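Derivation of every value follows stated rules applied to the coordinates shown; laboratory data play no part. Here the structure is a predicted model, which means the values were calculated and not measured. Note that each Cβ is placed from the backbone with ideal geometry, even for glycine, and that neighbours are counted across all protein chains shown.
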Amino acid sequence: MSINLEVNVGGLVMKNPVTVGSGTFAYGQEYNSYFDVSRLGAVTTKSLSLKPRAGNKPPRLVETPAGMLNAIGLQNVGIEAYLRDKAPWLREHNCTIIGNIYGYSPEEYAELARRLEAEGAADAIEANLSCPNVHDARTARGCTLVAQDPEQVQRYTEAIRAATKLPLFIKLSPNVIDIAESALAAEAAGADGLSLINTLLGIGINPETRRPILSNIVGGLSGPAIRPVAVKLVWDAARAVKIPIIGMGGICNANDALQFILAGATAVAVGCYTFRKPDAAMDVVNGMEDYCRRHGVEKITDLIGAMEMQ
Ligand SMILES: Cc1cc2nc3c(=O)[nH]c(=O)nc-3n(C[C@H](O)[C@H](O)[C@H](O)COP(=O)(O)O)c2cc1C
């Protein structure tokens, strides 16, 4: 029986529903010695900004009982170096590219999207409106993420939409009361899809020193601990909007990934589990195919939102 794993995420055709979480897979090339990264449905880049960023001071990453807390602070090479040094390799290796972008204003996001499209350096744009650790927690009290304010989500999405014809995905935050509000705002402003979830806000403190473990104090929690939260938010969002969803949060294997698809996601991303097993995303592709074979499912799209509720 031949299995069709192809999905169409808001105009982006992926040969299978599996990509990687932005920031956990660098720019793709770095992982090609572990497996042929072009076999993924898409490679999602680290968030790209207009200027290179060094990120936060260390310590900026700590292991937690079922995942990790990070405050990398969007370290990245910047759009120019990406276009010059990274995108050509991805293109030569026939990778489908989701270019993840981060800016400080709607205009910066728009400019980044425009550059990626003009240079043919992405097949879709994922706008990170939900990075929890780019503000100094000592001074940024009460500072909200764009994704926490539906009006801002709408304003930013409209600006990026006007700048590009590429499929546009808005990456949302779990740190909200009602995910449907930000999801609907992105949809109304012309997004072609949603990516969720970004990390959950967290703090670790060392009692011996009485100091925060991360130099930024606040970090983003990822990994298996957040998976049930992520599946629930994908389920909530999928019932609120018509546009497709890329689900992520604690995916380690195909069973984890299938939970997201059954909850309503069209595609999935493997995030920090790649740090433990660099080819985890490929395991998910193979495991999905195996699941479909065992269950007589001919097309993976038949499983989208197919959770049975008795
Ligand atoms: C070390 C690290 C760096 C990350 N950097 C980014 C980033 O630059 N842009 C972004 O949109 N998300 C970033 N994320 C969030 C992930 O893409 C993903 O949404 C989140 O970690 C949940 O998935 P996971 O539990 O499988 O890791 C980062 C996550 C981690 C662990």
Which FRET efficiency value, to the nearest 0.05, do you get for Ile205 and Tyr104 by plugging their Cβ-Cβ distance into 1/(1 + (r/R0)^6) with R0 = 35 Å?
-> 0.75
Among Val20, Thr301, Gly219, whose Cα lies farthest out toward the positive end of the dipole of the chain, if unit charges sit on the beta carbon of Lys, Arg (+1) and Asp, Glu (-1)?
-> Gly219
So for the chain, taking the charge dipole from beta-carbon charges (+1 Lys/Arg, -1 Asp/Glu), which of Ile177, Ala159, Thr266 sits furthest toward the positive end?
-> Ile177
Paramagnetic reach from Asn286 (point 7 Å along Cα→Cβ, amide N under 19 Å) across the stretch 265-279 | 269-271, 273-279
What is the gain in length, in nm to one decimal, between Asp36 and Arg294 on full extension, counting 0.36 nm per residue of separation less the C-alpha to C-alpha distance?
-> 90.3 nm
Rounded, prolate or oblate: which fits the chain when a ≥ b ≥ c are the square roots of the eigenvalues of the alpha-carbon gyration tensor, with rounded for a/c under 1.5 and prolate only if a/b beats b/c?
-> rounded
Specify whether the C-alpha gyration tensor of the stretch 45-183 places it in the rounded, prolate or oblate class, a ≥ b ≥ c being the square roots of the eigenvalues: rounded for a/c under 1.5, otherwise prolate if a/b is larger than b/c and oblate if not.
-> oblate
Eligible aspartates and glutamates near Lys86 by straight Cα distance, threshold 18 Å, same-chain separation 8 or greater = Glu30, Asp36, Glu117, Glu119, Asp123, Glu126
Sequence ranges 187-197, 294-304, 232-242, ranked by mean other-Cβ count within 10 angstrom, highest first | 187-197, 232-242, 294-304
Nearest 20 debye, what's the magnitude of the dipole of the chain about its Cα centre given +1 on Lys and Arg Cβ and -1 on Asp and Glu Cβ?
-> 680 debye
Just from its helices, what would the mean residue ellipticity at 222 nm be for the chain, if runs of 4 or more DSSP H residues each count -39500 (n - 2.57) and the sum is divided by every residue, rounded to the nearest 500 deg cm²/dmol?
-> -8500 deg cm²/dmol
List every DSSP H helix in the chain whose Cα atoms extend 30 Å or more along the helix's own long axis and whose mean Kyte-Doolittle hydropathy is at least 0.0.
-> none
From the square roots a ≥ b ≥ c of the eigenvalues of the alpha-carbon gyration tensor of the stretch 186-301, which class results: rounded (a/c under 1.5), prolate (a/b over b/c), or oblate?
-> oblate
Rank by packing, highest mean first: peptides 75-83, 261-269, with packing defined as the count of other Cβ atoms within 10 Å averaged across residues.
-> 261-269, 75-83
